[in-house]
Amino acid sequence: MSLTAIRARSVRSRFLRRLPLNTTALVVFALSIFPVYWMALTAFKPTKDITADTPIFLPTHLTFDHFTKAVQADGFWMFWRNSLTVTLGGVLLALVVALGAAFAVARMKWRGRRSFILMVFIAQVAPWEAMLIPMYIIARDTGMLDKLSMLTLIYFMTTLPFTVVTLRSFLTAIPVELEEAAQVDGCTRAQAFRRVTFPLLAPGLLATSLFGFITAWNEFAFANMLIIKNQDDRTLPVWLSSFSNVFGTDWGATMAAATLFALPVLILFLALQRRVSTGMTGGAVKG
């Protein structure tokens, strides 16, 4: 048997072994992506195709009328701004606080360190829905109901435990010898962290900020409960829950608004995925 035939047989055998796993992966991917596809497709389909008795999976005619109606809806850009404000505010606060906490846990030894880590893990796995009533009582008693600042603080608290745990893992993976070498060269500890460790930590910061952004951007329960009287401070998820009532049965406009709501997360993910997947310490010790 020739070498070419042996290689072809090996490739075919490897393909057959992987076929069940690849088929399962494709099925899972199709089931996961179909709701998103149907949402976007409905946003572009004419109304007569949306209400047709037979589902149309590949329309021949697309329209932007539903997007125009969604963008021109009363308060759309105001609620978009509200969501962006509380999301970015909560994520940035969590990154700043978590960076200091993660550095203290990963690089320093102090009494109570293990207990602190344990409490952070407990806070991470605890269901935040159980805090709805306590948060409401706190906001009511402190006069923080119907205020975006309270919502920002809640998003900060919900994303903080995960951010601390994740950044601690990234910091632990970065060799401490890099900082020690910088200190030998004359850097202070703060300068060594800023010039050596912080650039290597960029993938971790991007990954945690992306997760925090998605979590806060999609949050509905707290925003729906804490913003009651001042409807102008609602966020996009809360607004979308009543969007179909504004347009009656206009599902095209509803799906267009939902597509526009999902767009920032998609853009952010596509922009950061290459940086997030980059190895943290790749090339750090070259030369």
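The values are calculated or read from the model by the stated rules, or taken from the named source; none is laboratory data. Keep in mind the model is a prediction, meaning the values are calculated, not measured. A quick note on method: Cβ atoms are made from the backbone with ideal geometry, for glycine too, and the neighbour counts reach across all protein chains shown. Accessible surface is based on the protein model in full, side chains and every heavy atom, while ligands, DNA and RNA are left aside. Shrake-Rupley method; radii C 1.70, N 1.55, O 1.52, S 1.80 Å.
Screening Ser13 with (1) assigned to a loop (DSSP other than H, G, I, E, B); (2) open to solvent by less than 80 Å² (accessible area, probe 1.4 Å); (3) not aromatic (Phe, Trp, Tyr) gives one miss only, at (1).
Against the test of being modelled with pLDDT of 85 or more, open to solvent by 10 Å² or more (accessible area, probe 1.4 Å) and within 19 Å of Met78 (Cβ to Cβ), the options Phe261, Phe198, Phe162 yield a single qualifying residue, Phe261. Checking the conditions here, which among Ala98, Ala123, Ala94 is part of a helix (DSSP H, G or I), in contact with a helix residue (DSSP H, G or I) (Cβ under 9 Å, 6 or more places away or on another chain) and under 30 Å from Ile33 (Cβ atoms)? Step by step, each of Ala98, Ala123, Ala94 is checked, and only Ala94 is part of a helix (DSSP H, G or I), in contact with a helix residue (DSSP H, G or I) (Cβ under 9 Å, 6 or more places away or on another chain) and under 30 Å from Ile33 (Cβ atoms). A residue that is without any contact (Cβ under 8 Å) to a residue 40 or more places away in the chain, of a type in the set (A, V, I, L, M, F, W, C), more than 16 Å from Met255 (Cα to Cα) and assigned to a helix (DSSP H, G or I) can be found somewhere in region 30-40. Looking only at residues in region 184-211 that are part of a helix (DSSP H, G or I) and either of a type in the set (Val, Ile, Thr) or at positive phi (or both), the one that is nearest to the chain's Cα centre (by Cα) is Thr208. Give me the residue from region 123-139 that is loosely packed, with under 12 Cβ neighbours inside 10 Å and modelled with pLDDT of 85 or more and, out of that set, nearest to Val164 (Cα to Cα). Checked region 123-139; the qualifying residue nearest to Val164 (Cα to Cα) is Pro134.
Scanning region 196-238 for residues that are free of Cβ contacts under 8 Å to residues at least 60 places away in the same chain and closer than 19 Å to Ala101 by Cα yields Val196, Thr197, Phe198, Pro199, Phe211. Taking first residues from region 150-163 that are among the polar types (S, T, N, Q) and partners that are open to solvent by 10 Å² or more (accessible area, probe 1.4 Å) and at pLDDT 90 or above, the Cβ contacts under 7 Å between residues at least 6 apart in sequence or on separate chains come to Thr152/Gly89; Thr159/Val91; Thr163/Leu95. Filtered by the rule that a residue be among the β-branched types (Val, Ile, Thr), at pLDDT below 85 and in a helix (DSSP H, G or I), region 235-253 gives a lone residue, Val246. Which members of region 166-183 meet the condition of being open to solvent by 40 Å² or more (accessible area, probe 1.4 Å) and in a helix (DSSP H, G or I)? Once the filter is applied, which keeps residues that are open to solvent by 40 Å² or more (accessible area, probe 1.4 Å) and in a helix (DSSP H, G or I), region 166-183 yields Arg168, Ser169, Phe170, Thr172, Ala173, Val176, Glu177, Glu180, Ala181, Gln183.
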